[in-house]
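Undergrad: Take a look at this one; I'll ask things after.
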Amino acid sequence: MGERFETKTVHIGHEPLRQVTSKSTPIYQTSVFAFQGLEEVEQFYTGHGEYLYTRNGNPNQTELANAITKLEQAEDGVSAASGMGAIMAGVLAVVKPGDHILASHEIYGGTYALLDKELSRLGIELECINLNELTSLDGHIRPNTRLFYMETITNPLLTVADMPGWVQQAKQAGLTVMIDNTFATPYLVQPLTLGADLVVHSATKYIGGHSDATAGVLVGKKELVQRAREIVVNYGASLSPFEAWITSRGLKTLALRMERQCDNAREVAAFLREHPAVGRVYYPSEADVHFFARKKQGAMLSFCLADESRIYDFYRKLDWIKFAPSLAGVETSVSHPVTTSHRAFSEEQRLASGITMGLVRLSVGIEAVEDIVAELDRALS
Ligand SMILES: Cc1ncc(COP(=O)(O)O)c(C=O)c1O
């Protein structure tokens, strides 16, 4: 090490602690990795070394991707800077210009914006179909259709389509199947075991669980994930080490949180159904989730106010339940799809999908359910 003060301040604290075995994973907050010599860097490029530059890979990204790979029973996985980054990488790993995507018409507004607005510029066509009305994909599959895309539990109307049936039809037609499993999580269902090829998560939601990180993960068939990994690197959509670390930490309590949140949501749904100020309640039935590994109906629900004109009043009256256009944190929160997540939809699309001004989306947290009910009752009355 150099002897001068200026040199020492730069290098003195940097002793790699190779012998230390910490109980929790350290944050590898580094943009690049150092090498012993040219031979070692050569090993990276010939596929024998793991880390070179954080955009290409980092131990914290790997930790998160590996965990979801195992929980979803996948062959491989890659993390990304957001759920949208993971969706983009997964979709582009499958389609090329001239191809056609068949997607459920009930998808997250951001996903629709990506598939419709951005991918159309690359010459990729999109057709959205109503899985609640159709029984068959016949008549919708074209010679250039490559990808079938749907959500396990849809955002924001919580519809659970017969995923095993749709996956089977799409696979028989030779399509690649990609499922957004954000709302269900692998705790409730693992779509790859039902025949899907790729599963994507906005890990910003239940995987992280604390509304403090933005992250995405894509898992599935090895060759597709390998291509998606290249796309994440080349498009610069890699996850930061800190975001990966805090998301992995949140993941440890996924089972506990889901169990509690699902049980709370069930009681809240029963309460809302009886409330005179509430119209329709959107919440999956037990029959809907027949193919789930755990017979829980998720922790999200939506409802319409009986009198739509009271919508501003409702949000104003809420006290500790926050209006936040995201979901799945440990705190109960509400969102308003028309003005937030589903802005990308035209009015016609929104109305066709039942996304009205009076629709409230509720993400049920881990609090005492009696308090959640009392707070909603106050704002509704
Ligand atoms: C179902 C679903 N998929 C994907 C996304 C996008 O995830 P992110 O915001 O992490 O990019 C969201 C975001 O709300 C979502 O609800």
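Undergrad: Test Ser309 against the stated conditions and say whether it is open to solvent by 60 Å² or more (accessible area, probe 1.4 Å), of a type outside the set (A, V, I, L, M, F, W, C) and more than 16 Å from the ligand (Cβ to nearest atom).
TA: Yes: the conditions hold for Ser309.
Undergrad: Name the single residue that is nearest to the ligand (Cβ to nearest atom) among those in the range 177-206 being of a type in the set (Gly, Ala, Ser) and free of Cβ contacts under 8 Å to residues at least 40 places away in the same chain.
TA: Once the filter is applied, the top-ranked residue is Ala196.
Undergrad: Of everything in the range 295-304, what is under 21 Å from the mean Cα position of the chain (by Cα), at negative phi and surrounded by 15 or more Cβ atoms within 10 Å (Cβ to Cβ)? Give them in sequence order.
TA: Of everything in the range 295-304, those that are under 21 Å from the mean Cα position of the chain (by Cα), at negative phi and surrounded by 15 or more Cβ atoms within 10 Å (Cβ to Cβ) turn out to be Lys296, Gln297, Ala299, Met300, Leu301, Ser302.
Undergrad: When the range 343-373 is examined, which residues are found to be charged (D, E, K, R) and out of contact with any helix residue (DSSP H, G or I) (no Cβ under 8 Å at 6 or more places or on another chain)?
TA: Glu347, Glu348, Glu370, Asp371
Undergrad: Could you name every one of the helices (runs of 4 or more DSSP H) located completely within the range 1-104 that has at least 3 residues being out of contact with any Pro (no Cβ under 8 Å at 6 or more places or on another chain) and more than 16 Å from the ligand (Cβ to nearest atom)?
TA: Because the criterion is at least 3 residues that are out of contact with any Pro (no Cβ under 8 Å at 6 or more places or on another chain) and more than 16 Å from the ligand (Cβ to nearest atom), the helices (runs of 4 or more DSSP H) in the range 1-104 that meet it are 5-11, 38-45, 59-71.
Undergrad: So, one more: If a residue has to be in contact with an Asp or Glu (Cβ under 9 Å, 6 or more places away or on another chain) and open to solvent by 90 Å² or more (accessible area, probe 1.4 Å) to count, how many in the range 312-336 make the cut?
TA: Within the range 312-336, residues that are in contact with an Asp or Glu (Cβ under 9 Å, 6 or more places away or on another chain) and open to solvent by 90 Å² or more (accessible area, probe 1.4 Å) number 4.
Undergrad: Which of the residues spanning the range 97-126 are over 19 Å from Asp197 (Cβ atoms), among the charged types (D, E, K, R) and open to solvent by less than 40 Å² (accessible area, probe 1.4 Å)?
TA: Listed by number, the list holds a single entry, Glu106.
Undergrad: Scan the range 320-359 residue by residue and report those that are within 16 Å of the ligand (Cβ to nearest atom), at pLDDT 90 or above, aliphatic (A, V, I, L, M) and in contact with a His (Cβ under 8 Å, 6 or more places away or on another chain).
TA: Scanning the range 320-359 gives a single hit, Leu359.
Undergrad: Here's a follow-up. Can you report the number of residues in the range 146-171 which are touching a His at 6+ places or on another chain (Cβ under 8 Å) and within 12 Å of the ligand (Cβ to nearest atom)?
TA: 1
Undergrad: Inspect the range 132-142 for any residue being within 16 Å of the ligand (Cβ to nearest atom) and out of contact with any Lys or Arg (no Cβ under 8 Å at 6 or more places or on another chain) and give the result as yes or no.
TA: No.
The values are calculated or read from the model by the stated rules, or taken from the named source; none is laboratory data. Predicted model only: the values in this text are computed from it and were never measured. For neighbour counting, all protein chains shown are included, and Cβ atoms are generated from backbone atoms with ideal geometry for every residue, glycine included. When the accessible area is computed, the model is the full protein with side chains, heavy atoms only, and any ligands, DNA or RNA have been set aside. Shrake-Rupley method; radii C 1.70, N 1.55, O 1.52, S 1.80 Å.
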